[in-house]
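Comments concern the structure below.
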Amino acid sequence: MSQLVTGEAVVLQVRIARMPTRALACAIDVILQAIVLGVLISLLAGFLIGGDASEALAVALIFLTVLVVVIGYRVVMETLTRGRTLGKMVLGLKVVRDDGSSIRFRHALVRSLFWFFVDFAPWFAACPGIVASLMNKQGKRIGDMVSGTVVIRERHQPMASPPLFVPGHLVQWAQSLELSRLSDELANASREYLARYTELLPGARAALGDALAYRVSQVTAPAPPVPIVAPAFLSAVLAERRRRELTRLATARPALNTGPFGPPNPYAVPASPYGVPAGPFAPPTPYGALPPVTALPGAPGPFPAPAPAAPYRPAAVNPQGWAAPGSNESGQWF
């Protein structure tokens, strides 16, 4: 992996194409160009032999045909496809600028001219481009250095998102974690470790997991109440960190229009406190299965039913028109 910094100071993680892959893509392009050149030169030779053209004209036409096929093919293809030739398409490669943006005509022209006249020129034994690519940390040849471009790999195995969860008996511990000192770099390293957990050898898997768990435990508190393996510890910490981040985004950016016809709020807090939708087909909660909460007999629930109203009793009135004290519980006096 390598980093490209865009004009907006955003760091992009990309895979640099190395010389063996680029050489294979170049070989595919050269084979296609040789086929096209063979057909065109055969047609041109038949035209020249049948006519009275001079030898100088024949050499000039053949040289011009070679330039058009060799250089024009690369310039046209990389300009129209934003950095790809047929060989690069087959191997999933792409030419981009040093800031990660797409190349233009001038970049494709400079790369193609240096490819033909400098990097792989026969009068230089076709070695300057190979030597420069081996010595440059980004695999650049001389044409890439002059034009400010780099070849990256677009097609690679995507990294699966690791299944983050907290065991049910550690939910309260996870909610009490202090995560302010956990950096993004350490969290990303732990996430990549969990994503590639099954791809690592057992020895390297255990050593790397223990090292990451130790580093994470130094910047988080409190410690787990029970012994826990390194992958489960990292998963619990990352799951809680993700839950808090989602909650923070939901409360920090409320929807502007909350009327009946306003757009839905993309930052609305879901019904479940951990972001898991409810329903019969909902995925399991990232914190595992929690025991059902049952109310004690006779204990009031969160919304207890209101007490029944006392029956109305009319007040007893004496012959003088006065109500007898205490005869009306509603407290009405006449």
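Descriptive notes on the structure:
- Qualifying residues in the stretch 108-153 (those that are touching a Phe, Trp or Tyr at 6+ places or on another chain (Cβ under 8 Å) and among the small types (Gly, Ala, Ser)) - the one surrounded by the fewest Cβ atoms within 10 Å (Cβ to Cβ): ALA126
- Every test in (1) acidic (Asp, Glu); (2) free of Cβ contacts under 8 Å to residues at least 24 places away in the same chain; (3) open to solvent by less than 50 Å² (accessible area, probe 1.4 Å) is passed by GLU55 save one, and that test is (3).
- Answer from ARG74, ARG84, ARG104 - the residue that is among the charged types (D, E, K, R) and touching a Lys or Arg at 6+ places or on another chain (Cβ under 6 Å): ARG84
- For the stretch 36-48, the candidate set comprises residues that are modelled with pLDDT under 85, open to solvent by less than 70 Å² (accessible area, probe 1.4 Å) and among the hydrophobic types (A, V, I, L, M, F, W, C); within that set, the residue that is nearest to LEU86 (Cα to Cα) is LEU44.
- Residue list for the stretch 210-228, filter: surrounded by fewer than 16 Cβ atoms within 10 Å (Cβ to Cβ), touching a helix residue (DSSP H, G or I) at 6+ places or on another chain (Cβ under 8 Å) and part of a loop (DSSP other than H, G, I, E, B): VAL219, PRO222, ALA223, PRO225, VAL226
- Residue among MET89, MET77 that alone is open to solvent by 50 Å² or more (accessible area, probe 1.4 Å) and within 31 Å of the chain's Cα centre (by Cα): MET89
- Those residues of the stretch 99-136 which are among the basic types (Lys, Arg) and over 17 Å from GLU78 (Cβ atoms), in sequence order: none
- Every pair of residues 6+ apart whose Cβ atoms lie under 6 Å, when the first sits in the stretch 129-146 and is within 16 Å of LYS94 (Cα to Cα) while the second is aromatic (Phe, Trp, Tyr): GLY143/PHE114; GLY143/TRP115
- Test: LEU249 is over 21 Å from the mean Cα position of the chain (by Cα) and either in a helix (DSSP H, G or I) or surrounded by 10 or more Cβ atoms within 10 Å (Cβ to Cβ) (or both): no
- Of all residues in the stretch 169-203 being aromatic (Phe, Trp, Tyr) and under 15 Å from PRO231 (Cβ atoms), the one that is surrounded by the fewest Cβ atoms within 10 Å (Cβ to Cβ): TYR197
- Being in contact (Cβ under 8 Å) with a residue 24 or more places away in the chain and among the acidic types (Asp, Glu) is a condition met by at least one residue of the stretch 174-184.
- Yes/no for GLY288 being surrounded by 10 or more Cβ atoms within 10 Å (Cβ to Cβ), modelled with pLDDT under 80, under 22 Å from the mean Cα position of the chain (by Cα) and within 22 Å of HIS169 (Cα to Cα): no
- Evaluation of ALA206 against (1) surrounded by 17 or more Cβ atoms within 10 Å (Cβ to Cβ); (2) assigned to a helix (DSSP H, G or I) (one fails), failing number: (1)
The values are calculated or read from the model by the stated rules, or taken from the named source; none is laboratory data. Computed from a predicted model, the values in this text were never measured in an experiment. When we count neighbours, we look across all protein chains shown, and the Cβ atoms used for this are built from the backbone with ideal geometry, even at glycine. Surface accessibility is based on the protein's heavy atoms, side chains included, excluding ligands, DNA and RNA. Shrake-Rupley method; radii C 1.70, N 1.55, O 1.52, S 1.80 Å.
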